[in-house]
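Every number in this text was worked out from the coordinates using simple rules, so none of it is lab data. Bear in mind the structure is a predicted one, so any value in this text is a computation, not a measurement. Here the Cβ positions follow ideal geometry from the backbone for every residue, glycine too, while neighbour counts run over all protein chains shown.
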Amino acid sequence: MLDSIIADRYAKSLFELAIETGKLEEVKNDMGLFLDLIRDSAEFRHFLISPVVRPDKKIGVIDAIVKGKVCDLTQKFYRLITSKRREKYLAGIANAFIEKYKEHHNIVTIELRTVYPLSPALRDRIVALIEHRRGITVDLIETIDRSLIGGFIVSTGDVRYDASLATSVKKLKKEFEENLYVREI
């Protein structure tokens with residue numbers, strides 16, 4: 001809980017500063033780069049949380065890794081949080097920043113779970129329909145889930161629409177189990 005509060009505060013400050021300096025897109029791309037680094041490299045994750053490595057050494061290593069890949073605002077930011085020993089929150093900060101970016105641009109992440117991959121034409125129709133009805137920009141994440149048997153599940157945030165065959169079968173089975181008119185033998 002405390003981690004998310006700290007990450008959110010740093011992300012909010014960086015977001016506001018990025019807007020003020022006109023570097024919002026650059027910083028968003030940089031936060032994506034840090035998320036990729038953290039996700040793809042266990043060594044980098046362990047390096048960030050290590051209490052043994054001094055902040056100045058961490059700054060030097062991070063500088064070497066992202067040299068020429070990040071803007072000056074991002075560089076100043078990661079140097080600041082590292083000098084204050086907050087680098088272990090970098091993944092949370094990057095995630096929170098990207099969420100603020102999406103909120104600012106009215107982008108909503110929607111997960112679509114299906115049994116088989118959608119054709120590009122159908123995917124585009126679904127995205128267009130949702131964007132038109134809700135007045136948003138959709139960031140669609142497709143997931144293949146064979147346990148659905150058929151149909152689909154669409155979820156965003158805390159809203160979920162389940163039109164899967166597996167759920168329909170479960171509901172039908174429950175109805176039959178609760179049938180009071182079945183004569184017991």
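State the answer as a single residue: which of ASN95, VAL127, ALA42 lies farthest towards the positive end of the charge dipole of the chain, with beta carbon charges of +1 for Lys and Arg and -1 for Asp and Glu, about the Cα centre.
ALA42
For the range 1-95, just the Cα atoms, rotate onto the principal axes and tell me the three extents in Å, largest first.
Principal extents (largest minus smallest coordinate, Cα): 36, 34, 23 Å.
Pulled fully out, how much extra length does the chain show between ASN179 and CYS71, if you take 0.36 nm times their separation in residues and subtract their Cα-Cα distance?
32.3 nm
Please get the size of the charge dipole for the range 65-176, origin at its Cα centre, with Cβ charges of +1 on Lys and Arg and -1 on Asp and Glu, quoted in debye to the nearest 20.
480 debye
Could you state the number of Å between the C-alpha centres of the range 83-120 and the range 15-59?
15 Å
Tell me, what is the percent relative contact order of the chain, built from C-alpha pairs under 8 Å that lie six or more residues apart?
21 percent
Would you mind computing, in nm to one decimal, how far apart the modelled labels at ILE149 and LEU33 are, each placed 7 Å from Cα along Cα→Cβ?
Here the modelled spin labels are 4.9 nm apart.
Tell me what the chain gives for mean residue ellipticity at 222 nm when only DSSP H runs of n ≥ 4 count, each as -39,500 (n - 2.57), the sum divided by the residue total, rounded to 500 deg cm²/dmol.
-19500 deg cm²/dmol
Computed from the coordinates I sent, Rg and Dmax of the Cα atoms in Å equals one of [x] 22.7, 79; [y] 26.0, 103; [z] 32.2, 103. Tell me the label.
Only one option fits the structure, namely [x].
Expressed in nm to one decimal, what extension gain is obtained for the pair ARG85 and ASP124 from 0.36 nm per residue of sequence separation less their Cα-Cα distance?
Between ARG85 and ASP124, full extension yields an extra 9.6 nm.
Per residue and in Å³, how big is the convex hull formed by the alpha-carbon atoms of the range 106-177?
It comes to 94 Å³ per residue, whole-number rounded.
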